[in-house]
1. Treat the count of other C-beta atoms within 10 Å as a stand-in for reagent exposure and order Trp171, Trp71 from fewest to most.
2. Can you check how the C-alpha radius of gyration of the stretch 67-123 compares to 2.2 N^0.38 Å, as a plain ratio?
3. So, R0 is 25 Å and r is the distance between the beta-carbons of Leu152 and Ala253; what FRET efficiency does that work out to, to 0.05?
4. How far, in nm, would the chain grow between His66 and Asp243 when pulled straight, counting 0.36 nm per residue and subtracting the alpha carbon separation?
5. What does the C-alpha gyration tensor say about the overall shape of the stretch 26-162? Classify as rounded when a/c is under 1.5, otherwise prolate if a/b is larger than b/c, or oblate.
6. I'm checking a number: the convex hull volume of the Cα atoms of the chain, normalised per residue, in Å³. What is it?
7. With the crude spin-label approximation of a point 7 Å out along Cα→Cβ, what separation in nm comes out for Ser32 versus Gln196?
8. When N is the residue count of the stretch 163-272, what does its C-alpha Rg come to as a fraction of 2.2 N^0.38 Å?
Amino acid sequence: MRRPASGLTLHQLRPRGPLRHVVQSLWWAKGSVAGPGEGVELLHPDGGLGVVFNFGTPLRRDARRHPGPAWVDGPSLRTARLGVTADLELLGVRFLPGWGGTLLGEPPERLAEAGLLPAQALRHRALDALHERLQAVEGFAARVALLERDLLAWLRHSEAPSPLLGAALEWQRRRQGQGSIAALAEALSVGPRRLQRLFRRQLGLSPKQYARVLRVAQGRALIKRAVGPGALTEAAYAAGYCDQAHFVHDFTAVTGLTPGEYRRHVGRREASFPGSRKD
């Protein structure tokens, strides 16, 4: 469990068995803002997608109100901002990159960059009906057990992503987004065009876009450990950027904050909740 300075209390659970190779986490989030107004939690892209069920008042994300019981949170290139109020209560599942589309029966290309897609827009999964069943049981453990049963049923009738995609994603993760797409194609003995088509069809992002997500994630991790006046420049080079300008460009494009702004954001959160994990 973690409680960031935004006031969000978050429980995360990694499933066991077959779902362990499909799902990053099952999670429950509840707002606990003590003061007036709302806090903001940063939700960074990771190349995957998720499903969100709402049991509180309509949530606010990226300054927009989202009524409804359930949504798909598609693959994204940008950090989202979740408004945290005391009456926020969400349950969700976050799939490993490449798996969400096949379990939902939807092309990831259709879900990519769609933001929160309402449940009724799906063609093969009745998320509204699943929400009703989840609402009928009490407690995180009972809801997770019910959700896992449905996910296992979906998995039994789903086709696994291409092993080639898995190998490509692992190659990029090991290098934290560094390394050219040409080098990736050569390592896998495939043509760049085939690689592009595979990523678009099964991930919803291009190889270059996924690499940017990984590099910026590495940059965030480095900034959290940054010390001293030259730390941001060192973070840029360690994340694989040849100069500070390119690092600032990519970092800002993804997170909406410059590296310096993000460093101050991390500092404020640490000051509010010393020792807490930070976004």
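1. Details: Trp171 15, Trp71 26.
If I rank by nearby Cβ atoms, fewest first, I get Trp171, Trp71.
2. Values: Rg = 12.1 Å, N = 57, 2.2 N^0.38 = 10.2 Å.
Normalised Cα radius of gyration, the stretch 67-123: 1.18.
3. On the way: r = 38 Å, r/R0 = 1.50.
My answer for the efficiency is 0.10.
4. On the way: separation 177, 0.36 × 177 = 63.72 nm, distance 3.93 nm.
Taking His66 through Asp243 to full extension adds about 59.8 nm, to one decimal.
5. On the way: a/c = 1.95, a/b = 1.31, b/c = 1.49.
In terms of gyration-tensor shape, oblate.
6. Details: hull volume 36.4 nm³, N = 279.
Given the Cα convex hull of the chain, per-residue volume reads 130 Å³.
7. 4.9 nm
8. Values: Rg = 15.6 Å, N = 110, 2.2 N^0.38 = 13.1 Å.
In units of the globular-protein estimate, the stretch 163-272 measures up at 1.19.
Each value in this text was obtained by applying a stated rule to the coordinates, not by laboratory testing. This structure is a prediction, so every number in the text was calculated from the model and none was measured. Neighbour counts run over all protein chains shown; Cβ positions are idealised from the backbone, glycine included.
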